[in-house]
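Presented below is the structure to which this report refers.
The values are calculated or read from the model by the stated rules, or taken from the named source; none is laboratory data. Predicted model only: the values in this text are computed from it and were never measured. Note that we place each Cβ from the backbone using ideal geometry, even for glycine, and neighbour counts take in every protein chain shown.
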Amino acid sequence: MHYNPKRATWILNRHEDIRNALRDTAAITSTKGVTRMRISAPILVLTDGDDHARLRRYVQPAFTTGAMSDWKAMVDQLAKELVAEVVANPGCDVMEKIAVPMPIRLIAHILGIPADDVGKFRSWSTDGVGVINAALTPAGLRQGFGGIRAIGALHKYFKEQMSNGTLTREGSVLGRLVRENEHGKLSDDEMFFVVMLLLFAGNETTTNLIGGIFDTLARNPDQFAMIRNRPDLIPGAIEEQLRYSTPIQNLYRYTRTDYRVGEVTIPSGSRVLLAFGAANRDPDVFDDPDTFRVDRNPHNHVAFGYGAHMCIGAALTRLEGQAVLRELIAQASAITEAGPATWSTNSSLRGPVYLPIRLSAAR
Ligand code: HEM
């Protein structure tokens with residue numbers, strides 16, 4: 001446990017402490033925000049208890065096993081196409097070629113966005129996420145205002161598509177929600193919130209995971225060779241990648257009672273940072289934690305969080321990660337870095353922003 005007086009933040013690092021905190025939503029709440037900025041809103045990630053359970057029930061039908069099997073073909077097709085692009089362009093930036101387009105094209109597909117509109121949908125969603133980086137600096141304000149404008153445009157587009165029934169047609173995410181939550185029970189605003197949820201929670205996180213796969217395998221060629229010999233290791237390798245790179249390195253909570261961790265009492269009303277990245281490298285839980293081992297099978301990692309708020313999109317993420325890895329072993333015999341990478345400086349979201357890679361074509 002560490003206390004940072006400048007940021008007035010208590011930092012939990014140990015796997016056990018973080019899981020205990022995530023379990024105890026009565027003492028350590030999400031209702032005052034999960035980032036450094038205190039914020040309350042009646043949305044899934046910022047509610048606890050009965051409110052949270054009700055909202056989660058509404059969204060759940062979009063992420064069932066049935067939904068995943070409907071989307072698997074699209075995921076596999078995308079992975080095949082995009083990995084082939086990387087093979088055909090040695091030294092290209094894999095962030096641009098696959099890690100960015102894969103999640104956004106998939107989200108557009110499962111929302112039922114018509115193919116012709118995917119380009120503008122992508123730019124609204126990229127700009128919209130800028131709201132998260134809004135800050136009281138000229139650049140921060142520009143991003144904030146740009147983000148709000150993009151969300152406005154996305155909302156207008158959403159309303160048009162809702163009125164002609166495109167987004168709620170059979171098989172799409174919203175179609176499932178409308179049918180499985182009794183018709184009319186979800187308002188248009190609530191459905192727009194689901195669209196935002198998919199974009200904000202499922203986009204950059206998955207981009208970071210996919211970028212991380214390329215980076216880690218390029219640095220650990222023996223591990224790539226091992227997966228090529230034993231494709232049955234693919235699901236476990238993705239879990240190890242999630243543990244090793246932890247795309248969401250940390251999130252916050254706020255205490256609503258005094259909260260004891262070991263010898264220390266965190267006062268009620270304090271800001272607490274849960275360092276998922278540190279927990280995923282806790283040597284008490286993971287042997288030799290700084291080493292990437294595809295046969296480790298770290299089923300208890302906390303990359304998707306833990307407890308009531310555990311990531312609802314985990315299955316979709318796994319589908320994407322595993323499809324990319326399957327295509328990599330089918331299409332490439334070796335992965336090498338083709339120049340220096342640049343990494344995000346975001347303090348919570350970890351991943352490359354520029355990553356030149358060469359794939360040697362498999363024969
Ligand atoms: C590598 C990819 C991903 C990572 C690392 C990740 C990580 C996480 C984590 C750590 C949480 C817990 C938040 C908390 O405790 O406050 C979470 C929650 C959530 N995730 Fe993900 N996520 C990923 C992908 C996705 C995808 C693809 C979607 C949707 C399409 C998604 C939707 C959500 C939602 C809606 C929540 C809130 C659940 C709740 O509050 O009950 N995530 N995610």
Listing of helices (runs of 4 or more DSSP H) fully contained in the range 1-109 that carry 1 or more residues being away from the ligand (no atom under 16 Å from the Cβ) and either free of Cβ contacts under 8 Å to residues at least 40 places away in the same chain or under 20 Å from T246 (Cα atoms) (or both):
15-23, 65-88
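Give the residue that is nearest to R7 (Cα to Cα), with candidates limited to residues of the range 254-269 that are among the hydroxyl-bearing types (S, T, Y) and in a loop (DSSP other than H, G, I, E, B). Working first, answer last.
The initial filter retains those residues of the range 254-269 that are among the hydroxyl-bearing types (S, T, Y), namely 254-255, 257, 259, 265, 268.
Subset that is in a loop (DSSP other than H, G, I, E, B): 257, 268.
Numbers: T257: 20, S268: 16 Å.
Looking at the filtered set, the residue picked out is S268.
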Pairing a residue in the range 146-157 that is free of Cβ contacts under 8 Å to residues at least 40 places away in the same chain with any residue that is among the acidic types (D, E), where Cβ atoms lie under 9 Å and the two sit 6 or more apart in sequence or on different chains, gives G146/D127; G147/D127; R149/D127; A150/D127; A153/D127
Mind checking which residues of the range 306-316 are in contact with a helix residue (DSSP H, G or I) (Cβ under 6 Å, 6 or more places away or on another chain) and either in a loop (DSSP other than H, G, I, E, B) or among the basic types (K, R) (or both)?
Y306, I312, G313
Is there any pair with a first residue in the range 205-227 that is in contact (Cβ under 8 Å) with a residue 12 or more places away in the chain and more than 9 Å from the ligand (Cβ to nearest atom) and a second that is in a helix (DSSP H, G or I) and among the polar types (S, T, N, Q) whose Cβ atoms are under 7 Å apart and which are 6 or more apart or on different chains, and what are they?
I213/Q241; T216/Q241; T216/S245; L217/Q223
Kindly indicate whether any position in the range 246-263 is more than 12 Å from the ligand (Cβ to nearest atom), farther than 29 Å from T216 by Cβ, touching a residue at least 40 places away in the same chain (Cβ under 8 Å) and out of contact with any strand residue (DSSP E or B) (no Cβ under 8 Å at 6 or more places or on another chain).
yes
Screening V324, V294, V261 for residues that are closer than 16 Å to E16 by Cα and either of a type outside the set (D, E, K, R) or touching a Lys or Arg at 6+ places or on another chain (Cβ under 9 Å) (or both) leaves only V261
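Just checking, does the range 67-75 include any residue being touching a His at 6+ places or on another chain (Cβ under 6 Å) and either surrounded by 14 or more Cβ atoms within 10 Å (Cβ to Cβ) or among the small types (G, A, S) (or both)? Can you show your working first?
Kept after step one, since they are touching a His at 6+ places or on another chain (Cβ under 6 Å), are these residues of the range 67-75: 74.
Pick out the ones that are also either surrounded by 14 or more Cβ atoms within 10 Å (Cβ to Cβ) or among the small types (G, A, S) (or both) and you get 74.
Checked against the condition, which is being touching a His at 6+ places or on another chain (Cβ under 6 Å) and either surrounded by 14 or more Cβ atoms within 10 Å (Cβ to Cβ) or among the small types (G, A, S) (or both), the range 67-75 yields at least one hit.
Quick one: which strands (runs of 3 or more DSSP E) sit completely within the range 317-363 and have at least 1 residues that are more than 24 Å from the chain's Cα centre (by Cα)?
Details: elements: 332-337, 352-354, 356-361.
Strands (runs of 3 or more DSSP E) meeting the threshold: 332-337, 356-361.
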Considering every residue within the range 116-127, establish whether at least one is surrounded by fewer than 19 Cβ atoms within 10 Å (Cβ to Cβ), under 21 Å from the mean Cα position of the chain (by Cα), among the hydrophobic types (A, V, I, L, M, F, W, C) and modelled with pLDDT of 80 or more.
yes
In the range 283-314, what residues are surrounded by fewer than 15 Cβ atoms within 10 Å (Cβ to Cβ) and under 16 Å from the mean Cα position of the chain (by Cα)?
M310, A314
Scan the range 301-318 and tell me whether some residue there is touching a residue at least 12 places away in the same chain (Cβ under 8 Å), in contact with a Lys or Arg (Cβ under 9 Å, 6 or more places away or on another chain) and more than 12 Å from the ligand (Cβ to nearest atom).
no
Qualifying helices (runs of 4 or more DSSP H) (wholly inside the range 165-247; at least 1 residues being over 25 Å from H15 (Cβ atoms) and of a type in the set (S, T, Y)):
204-219
Subset of the range 333-354 that is of a type in the set (S, T, Y) and out of contact with any Asp or Glu (no Cβ under 8 Å at 6 or more places or on another chain) - its residue that is surrounded by the fewest Cβ atoms within 10 Å (Cβ to Cβ):
T345
